[in-house]
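Peer 1: Below are the structure tokens for one structure; questions will follow.
The values are calculated or read from the model by the stated rules, or taken from the named source; none is laboratory data. This structure is a prediction, so every number in the text was calculated from the model and none was measured. Cβ placement follows ideal geometry from the backbone for every residue including glycine, while neighbour counts extend to all protein chains displayed. Ligands, DNA and RNA are stripped out before the accessible areas are found, and what is left, the full protein with its side chains, is counted by its heavy atoms. Shrake-Rupley method; radii C 1.70, N 1.55, O 1.52, S 1.80 Å.
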Amino acid sequence: MQSIYGFILSIILTSTLMTTYARKYNHIEENRNRIAKLYEDRILTRPSTKNKSRTTVAIGLGIIEVAGLDPQKQVITLNVNFDLKWCDSLLQWNSTEQACVRGNRSEIFFTAHEIWTPDILAFNGPRQSAKELKLQYPISVVCTGNVRWSYQDKLVSFCEIDVRNFPFDRQHCSIQLQSTVYASSELNLRSLYNVVRLYNYITTEWEISHATIKELDIYNVYYQNNFSTLQIDIELVRYSRFYILKIIVPFFIISALAVFSFCLPTDSGEKIALTVSVLLSLVFYVQLISSDVPKTEQGICTLTLYSNAVFFLVFLSCVFNTFTVFTYYHQQYSFQPKQHKRKKSVVFSIHKSLIELNKQRWKFLKKRRNIHEHLPEQTDIDAVELLHDIRYFRQALLNLFVRRNSLKTAATLDFRHPIFSPQSKTKRSVKEIAMIIDRILFFIYLILLPLSVLLLFTSTNQSRLDSLAKTSGPNQLLDLRKSSTDPIQLFRACSH
């Protein structure tokens, strides 16, 4: 029996709860349908609250990601989270079935097509964001008339980007949020928080280091009226570690090889080959990193100046090495006279001499008979003939040697010792000059290359000084990842 009573009691409680919930749900639907029907003809009508002539919309901006900066178009793109709050007297309800009392205030969700929503855009941007994206987010309405609309959007704004200190640059951008229809007499924009939130911030190439919020009234020349504007100034610092490890360090290592070309011996034949190889390596590496350097005509960045300066130093090292090699071998190859070609060989000259010798012998043999009669009895005719032949042959060889030496240069026949040769002293002095030039250039390049890197890093201090000159006001940036408390809301909307 107890089990039956318990079962019956549970059925009664369940039916009571379902009836209460259905009744409450019916009241919510009734209020929602009533408000939606009320707004059918007033969807573009600006809401007005009690004793107020203009509608106040509070905007809370949370930056999710710096999607990119385009130096050519001078545009910054941010992925942000908008948190909008305003008060609408048409969205209030209070009935006995659904009382609007403190601590028990009911809430209804609407779509952007059913009620009025403010048209807040970055009017200093190149184009308007797609409205269809934010229309997908629901709008929360409390019975007091407080409306809250939170959605994510892509914010595009113009920004004066200066890349002269790249990759150690800091950029300052201003985002101006404004209504496109309502003037300041009709719509007032305020900041929902006193800070700019980093809302689930995604770390990219840029870090947001400073932010300020300003509430302004800007005169619109086209409409000839003042428009309430919420201006957010942010400072972005580029992460330069990637560029240091990928561009600066490899570029310095490759260019440093040109310094050691001055240490190679001049007669080794590898001085010019090393510098040309380094030069070609730099050309190839510049082509690889060209996509990482910003392309703009606003100014030449420091990294481009550094790479061009190093490239020019390596080119000059190639020219200087060519000059030292030319100086080293100048004396040996510059003043060498032109050698004449010998028309007749040595064998031909000896053969001609022997033919002439035979002719002389035949003449002597013809006269021999007459000479033999007049010579003394002890004279040997064959010995006299032999001496005559030897004398003639010696004279012919002597004439041949003199003629051969006259056709040769002094450089090829110079067998003198270098110590006693004044010409060898000149050669030695020229080679010493070439070696001295190599040593001087080595120390010059040993100073210039590290100095170029130091000048590159001095742009960091210049960028920091420029940033201090542009930054004004206290830092109103709050990183929600590092903060355990939520920011205080400055706008409470309407109260019941």
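Peer 1: Would you pick out the residues in the range 196-210 that are touching a residue at least 40 places away in the same chain (Cβ under 8 Å), in contact with a Leu (Cβ under 9 Å, 6 or more places away or on another chain) and assigned to a strand (DSSP E or B)?
Peer 2: Kept after step one, since they are touching a residue at least 40 places away in the same chain (Cβ under 8 Å), are these residues of the range 196-210: 196-202, 204-206, 208-210.
Among the residues that remain, those that are also in contact with a Leu (Cβ under 9 Å, 6 or more places away or on another chain) are: 196-201, 205-206, 208-210.
Across the range 196-210, the qualifying residues are VAL196, ARG197, LEU198, TYR199, ASN200, TYR201, TRP206, ILE208, SER209, HIS210.
Peer 1: Looking only at the range 273-304, count every residue that is within 21 Å of PHE323 (Cβ to Cβ), aliphatic (A, V, I, L, M) and open to solvent by less than 60 Å² (accessible area, probe 1.4 Å) and tell me the total.
Peer 2: Here is the first cut: in the range 273-304, the ones within 21 Å of PHE323 (Cβ to Cβ) are 273-280, 282.
Narrowing the set further to residues that are aliphatic (A, V, I, L, M) leaves 273-274, 276, 278-280, 282.
Of the ones still in play, those that are also open to solvent by less than 60 Å² (accessible area, probe 1.4 Å) are 273-274, 276, 278-279, 282.
Of the residues in the range 273-304, 6 are within 21 Å of PHE323 (Cβ to Cβ), aliphatic (A, V, I, L, M) and open to solvent by less than 60 Å² (accessible area, probe 1.4 Å).
Peer 1: Mind checking which residues of the range 251-267 are closer than 29 Å to PRO167 by Cα and open to solvent by less than 30 Å² (accessible area, probe 1.4 Å)?
Peer 2: PHE251, SER255, ALA256, ALA258, VAL259
Peer 1: Something else: Would you tally the residues in the range 102-118 being aliphatic (A, V, I, L, M) and modelled with pLDDT under 60? Let's see the steps before the verdict.
Peer 2: Going through the range 102-118, the residues aliphatic (A, V, I, L, M) turn out to be 108, 112, 115.
Cutting the leftovers down to modelled with pLDDT under 60 gives us none.
So the count comes out to 0.
Peer 1: Let me ask something additional. Looking at GLU270, GLU235, GLU205, can you tell me which residue is in contact with a Lys or Arg (Cβ under 7 Å, 6 or more places away or on another chain) and open to solvent by 20 Å² or more (accessible area, probe 1.4 Å)?
Peer 2: After applying the criteria, what remains is GLU205.
Peer 1: Select, from LEU264, LEU216, the only residue that is out of contact with any Gly (no Cβ under 8 Å at 6 or more places or on another chain) and closer than 30 Å to ASP438 by Cα. Show your work before the answer.
Peer 2: Numbers: LEU216 fails: closer than 30 Å to ASP438 by Cα.
Only one candidate qualifies: LEU264.
Peer 1: Can you tell me which residue within the range 305-320, out of those that are open to solvent by less than 30 Å² (accessible area, probe 1.4 Å) and modelled with pLDDT under 90, is farthest from GLN462 (Cα to Cα)?
Peer 2: By that ranking, first place goes to SER307.
Peer 1: Would you say SER228 is modelled with pLDDT of 90 or more and closer than 28 Å to PHE442 by Cβ?
Peer 2: Working: modelled with pLDDT of 90 or more: yes; closer than 28 Å to PHE442 by Cβ: no.
No: the conditions fail for SER228.
Peer 1: Tell me whether the range 292-305 contains one or more residues that are part of a helix (DSSP H, G or I) and over 30 Å from VAL156 (Cα atoms). Reasoning before the result, please.
Peer 2: We begin by selecting, within the range 292-305, every residue part of a helix (DSSP H, G or I); these are 292, 302-305.
Still in the running and over 30 Å from VAL156 (Cα atoms): 305.
Within the range 292-305, one or more residues are part of a helix (DSSP H, G or I) and over 30 Å from VAL156 (Cα atoms).
Peer 1: Among the candidates LEU84, LEU155, LEU121, which residue alone is part of a strand (DSSP E or B), closer than 30 Å to ARG464 by Cβ and modelled with pLDDT of 85 or more?
Peer 2: Sole residue among the options that is part of a strand (DSSP E or B), closer than 30 Å to ARG464 by Cβ and modelled with pLDDT of 85 or more: LEU155.
Peer 1: Right, next: Please state which of the following conditions GLU205 fails to meet, knowing it meets all the rest: (1) out of contact with any Phe, Trp or Tyr (no Cβ under 7 Å at 6 or more places or on another chain); (2) among the charged types (D, E, K, R); (3) farther than 25 Å from LEU449 by Cβ.
Peer 2: The single condition GLU205 does not satisfy is (1).
Peer 1: Could you run through the range 162-182 and say how many residues are assigned to a loop (DSSP other than H, G, I, E, B) and open to solvent by less than 10 Å² (accessible area, probe 1.4 Å)? First the steps, then the outcome.
Peer 2: Start the filter on the range 162-182 by keeping residues that are assigned to a loop (DSSP other than H, G, I, E, B), which leaves 162-169, 180-182.
Checking which are open to solvent by less than 10 Å² (accessible area, probe 1.4 Å) leaves us with 163, 166-167, 169.
Of the residues in that region, 4 qualify.
Peer 1: Please indicate, with yes or no, whether at least one residue in the range 484-495 is over 21 Å from ILE248 (Cβ atoms), in contact (Cβ under 8 Å) with a residue 12 or more places away in the chain and among the hydroxyl-bearing types (Ser, Thr, Tyr).
Peer 2: So in the range 484-495, the residues over 21 Å from ILE248 (Cβ atoms) come out as 484-495.
Of the ones still in play, those that are also in contact (Cβ under 8 Å) with a residue 12 or more places away in the chain are 487-491, 493-495.
Those left that are additionally among the hydroxyl-bearing types (Ser, Thr, Tyr): 495.
So far as the range 484-495 goes, yes, one or more of its residues are over 21 Å from ILE248 (Cβ atoms), in contact (Cβ under 8 Å) with a residue 12 or more places away in the chain and among the hydroxyl-bearing types (Ser, Thr, Tyr).
Peer 1: Ok, one more. Mind listing whichever residues of the range 141-152 are in contact with a Ser or Thr (Cβ under 9 Å, 6 or more places away or on another chain), open to solvent by less than 20 Å² (accessible area, probe 1.4 Å) and at pLDDT 90 or above?
Peer 2: Initial filter on the range 141-152 (in contact with a Ser or Thr (Cβ under 9 Å, 6 or more places away or on another chain)): 142-150.
Subsequent filtering for residues that are open to solvent by less than 20 Å² (accessible area, probe 1.4 Å) retains 143-145, 147, 149.
Across the range 141-152, the qualifying residues are VAL147, TRP149.
Peer 1: Here is a further query. Find the residue count for the range 216-267, including only residues that are of a type in the set (Ser, Thr, Tyr) and either assigned to a strand (DSSP E or B) or over 28 Å from SER452 (Cβ atoms) (or both).
Peer 2: So the count comes out to 5.
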